[in-house]
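Q: My questions will all concern the structure given below.
The values are calculated or read from the model by the stated rules, or taken from the named source; none is laboratory data. Values in this document were obtained by computation on a predicted structure and should not be read as measured data. So basically every Cβ, Gly included, is an ideal-geometry build from the backbone, and we count neighbours across all protein chains shown.
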């Protein structure tokens with residue numbers, strides 16, 4: 001029994017020794033508190049250190065993006081009396097400015113209407129001819145009769161001539177006005193009669209064709225018949241979710257068409273905050289036209305969010321947090337550590353940009 005008690009005590013003693021030794025192992029020292037590290041020297045080789053160095057700090061982003069046209073126009077036909085004749089385009093078809101998209105049978109203007117205006121113009125011109133003949137003859141006779149007059153008789157005749165010329169000018173102006181009015185009305189009818197074509201207002205792509213445009217059907221006035229998108233108004237949109245802030249205005253974005261893998265570039269023209277969120281809607285205008293035949297094509301957008309050249313950098317493994325502050329342990333040539341508070345401009349991909357608190361070449365303790 002005494003032997004067993006001695007053995008038990010011996011095992012207990014050995015266990016205590018092992019526990020004390022394990023408390024001093026490199027693993028336990030690595031996990032020590034900041035207070036312990038700060039008050040002790042770093043044993044050479046027991047901890048990893050890295051130097052503060054200069055380099056370029058960069059934060060990049062990648063986002064899903066969509067292709068859009070920002071300008072489109074709904075084309076209509078105003079006359080309810082006209083009928084569809086032929087539709088010359090289909091959805092997703094590219095067209096050029098001035099291309100004929102559809103034709104119509106114009107029934108809102110009859111040949112009788114045009115003939116009536118033509119006769120009215122002829123009558124107005126005939127009236128002008130009669131006025132010219134009447135007054136020119138009267139004026140000529142008056143001027144001939146004045147050649148033999150003198151004194152008061154001549155003065156009276158001169159007043160009569162002026163009155164005659166004034167009446168002539170007034171009636172000619174009224175007659176010319178009638179001719180102009182009838183001519184304008186005729187031109188309007190003829191233009192309306194000739195306007196039997198619906199044409200593209202700009203280079204674009206047809207995104208909608210009204211199914212009621214069947215030959216012989218009457219037109220529904222001011223109903224959208226065809227929608228065309230402006231091919232020169234291409235934009236790419238995506239949402240920026242980065243915590244580093246907005247995508248810089250006019251910065252370059254790389255755009256890769258997920259379908260074809262074609263790469264393009266563009267410039268940021270807008271970056272606005274989404275209401276109630278911390279994200280931003282970004283609009284990019286391509287530097288050159290994007291060749292796509294599919295509406296709402298998907299792209300991958302990538303670019304630089306932050307770029308600071310020639311700044312102080314350290315590994316994020318050396319950075320520790322204390323409330324809202326950051327600090328590191330600086331190791332000197334004697335392996336002594338000093339707790340130093342620092343200012344951070346940003347952290348990305350394992351690198352921290354230090355704006356205050358450290359100098360180039362200093363060694364910092366890593367986790």
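Q: Is there a residue being not in a helix (DSSP H, G or I) and not assigned by TED's automatic domain parsing to the domain that holds residue 91 anywhere in segment 138-158?
A: Taking every residue of segment 138-158 in turn, at least one turns out to be not in a helix (DSSP H, G or I) and not assigned by TED's automatic domain parsing to the domain that holds residue 91.
Okay, residues lined up against (1) modelled with pLDDT of 95 or more; (2) farther than 30 Å from residue 235 by Cβ; (3) not in a strand (DSSP E or B):
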| position | (1), (2), (3) |
| --- | --- |
| 289 | no, no, yes |
| 304 | no, no, no |
| 326 | yes, yes, no |
| 342 | yes, yes, no |
| 347 | no, yes, no |
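Q: Out of the residues in segment 327-338 that are in contact with a helix residue (DSSP H, G or I) (Cβ under 9 Å, 6 or more places away or on another chain) and surrounded by 16 or more Cβ atoms within 10 Å (Cβ to Cβ), state the one that is farthest from residue 316 (Cα to Cα).
A: 337
Q: Looking only at segment 253-273, which residues are part of a loop (DSSP other than H, G, I, E, B) and in contact with a strand residue (DSSP E or B) (Cβ under 6 Å, 6 or more places away or on another chain)?
A: 258, the sole residue that qualifies.
Q: While we're here: So which pairs qualify, if the first residue must be in segment 337-365 and in the same structural domain as residue 62 (by TED's automatic domain parsing) and free of Cβ contacts under 8 Å to residues at least 24 places away in the same chain, the second must be part of a loop (DSSP other than H, G, I, E, B) and loosely packed, with under 15 Cβ neighbours inside 10 Å, the Cβ gap must be under 8 Å, and the two must be at least 6 apart or on different chains?
A: none
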